[in-house]
Amino acid sequence: MISLISENWLLVLIALLIGVATAFWAWAVSGRDNSIDGFDADDGLLEKAGDAVTPAPEPVAPAPAPAPKPAPAPAPAPAPVAPKTVAPAAVATAAVAKAAPAPAPRPRKRPVVADTAPPAPAGKPNIAEAKGDPDNLRLIKGVGPKLNTLLNNLGVTRYDQIASWKEAEIEEMDKYLESFSGRITRDSWIDQAKYLAKDDIAGFEKKYGKL
C-alpha cells in the first residue's frame, strides 16, 4: 500500500486538492444564501439616502443700486458792478496836466577836453640822420602805414637809426609824433630795431612773434 502511494504520489496530491476545493466551494455557496435571506431592503439605507440629499439654496436678491447724487446747484451770477463816476474837476485837472509839456532836462556841465594832441613843432627833430638805404619800418610791431609815413617825413628810415636812440632822442621824437606820442617806449621800438638791424629774425620772432 505504502509502495503504491509512493509511486502514485502525484495523483494522490491532485485528488486531495480537488477534495479541498470542492469542500470550500460548498461552504461558500451555503454562506452566501444565508446572507441573501437575511438582507432587508428597507434596512435604513433609504433614510440615510434621504438625509444625504441637501436642499438647494434659496436665490439671493441683488442689492439695490445706490441712488444718484443730486446735481450741484449753479453758482449765483456776480452782481453787476456800477461804473465809476469821475468828478468833472478831476477830469479837468488830468487834462491840464496832460497838456502841459514836461520840463526839459538840465544839461550837464562837462569839462572841455581837447580831441586832438597838441600840434607838432615846425621843422624836423634833432636826431642823427639815416645813413644807407631805407628799411621797412612797418616790420616793427606797432608801426602802421600812417606812422611809417610820418617817420619817413621826419627823416627816420632805418632800423640802426632807431636802435641808437637814447632818452634824449626819445623825448625829442615824441614831440613830433602827434597822436602817436609815447609809442616808442610802449611798443619797445628800440629793442625791436636792434634785432632787425642785426637781421636776427629768429630772435625777433621768438620775443615778438611772427613777422
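Computed values, structure above
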{"item": "Region 148-162: number of residues that are buried (at least 19 other Cβ atoms within 10 Å of the Cβ) and either assigned to a helix (DSSP H, G or I) or outside the structural domain of Ala193 (by TED's automatic domain parsing) (or both)", "result": "4"}
{"item": "Residue within region 129-136 that is at pLDDT below 95 and hydrophobic (A, V, I, L, M, F, W, C) present", "result": "yes"}
{"item": "Criterion (touching a Ser or Thr at 6+ places or on another chain (Cβ under 7 Å) and of a type outside the set (Val, Ile, Thr)) met by exactly one of Asp191, Asp174, Asp200", "result": "Asp174"}
{"item": "Filtered residues of region 125-145 (kept if crowded, with 17+ Cβ neighbours inside 10 Å and assigned to a loop (DSSP other than H, G, I, E, B))", "result": "Pro125, Ile127, Ala130, Asp135, Ile140, Val143"}
{"item": "Per-region count, region 163-208, residues in a loop (DSSP other than H, G, I, E, B) and among the hydroxyl-bearing types (Ser, Thr, Tyr)", "result": "4"}
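The values are calculated or read from the model by the stated rules, or taken from the named source; none is laboratory data. Keep in mind the model is a prediction, meaning the values are calculated, not measured. Quick reminder, even Gly has a Cβ in these numbers, built from the backbone with ideal geometry, and neighbours come from all protein chains shown.
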